[in-house]
Amino acid sequence: QVQLVESGGGLVQAGGSLRLSCAASGRTFSLYNMGWFRQAPGKEREFVAVINRNGGNTHYADSVKGRLTISRDNAKNTLYLQMNSLKPEDTAVYYCAALNSYSTYTASVLYWGQGTQVTVSS
């Protein structure tokens, strides 16, 4: 019912920046809490950041706090992840997600994006 289409991933040098975007279909984007998750090879998918419906509240994993910023533009049905001061440890497939609550749990995800690869070289 809800399609999430990501863009902005790619290769970047350590210390560099990327901005991921997630464009949502439909007319109900503002009804969802939204989040970013990531998965590195051999690891479980993990929480990165979450934002509530109107964008007034955000929460981050300790590993990315101060470097990554989640935001949304409900008028454009778009979610963003600004990634600064990137580290090789940030290398993963990043997934946009619509959640049924303001939480950090994958079990709360209603819809996933297709995933986009972010590779940070040293």
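The values are calculated or read from the model by the stated rules, or taken from the named source; none is laboratory data. Keep in mind that what you see is a predicted model, and the values were worked out from it rather than measured. Reconstructed Cβ throughout: ideal geometry from the backbone, glycine too, with neighbour counts over all protein chains shown. Just the protein is used for accessible areas: all its heavy atoms, side chains included, with ligands, DNA and RNA removed. Shrake-Rupley method; radii C 1.70, N 1.55, O 1.52, S 1.80 Å.
Structure above, values below:
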{"item": "Of the GluC sites (Glu not before Pro) in segment 2-74, those whose Cβ has at most 13 other Cβ within 10 Å and which sit in DSSP loop", "result": "Glu44"}
{"item": "Segment 39-102 - percent of accessible surface contributed by carbon and sulfur, probe 1.4 Å", "result": "43"}
{"item": "Stretch in the chain that is longest and holds no trypsin sites (Lys or Arg not before Pro) that DSSP places in a loop and that have at most 13 other beta carbons within 10 Å", "result": "66-122"}
{"item": "Environment charge at Ala92 (Cβ cut-off 15 Å; Lys +1, Arg +1, Asp -1, Glu -1)", "result": "0"}
{"item": "For segment 60-122: accessible area per residue (Å², 1.4 Å)", "result": "48"}
{"item": "Top of Ala97, Ala49, Ala75 by mean-square fluctuation, Gaussian network on the chain, Cα under 10 Å", "result": "Ala75"}
{"item": "Net charge of neighbours whose Cβ lies under 15 Å from the Cβ of Ala24, counting Lys and Arg as +1 and Asp and Glu as -1", "result": "+2"}
{"item": "At 1.306 mPa s and 10 °C, Stokes D of the chain from Kirkwood alpha-carbon radius, µm² per second", "result": "113"}
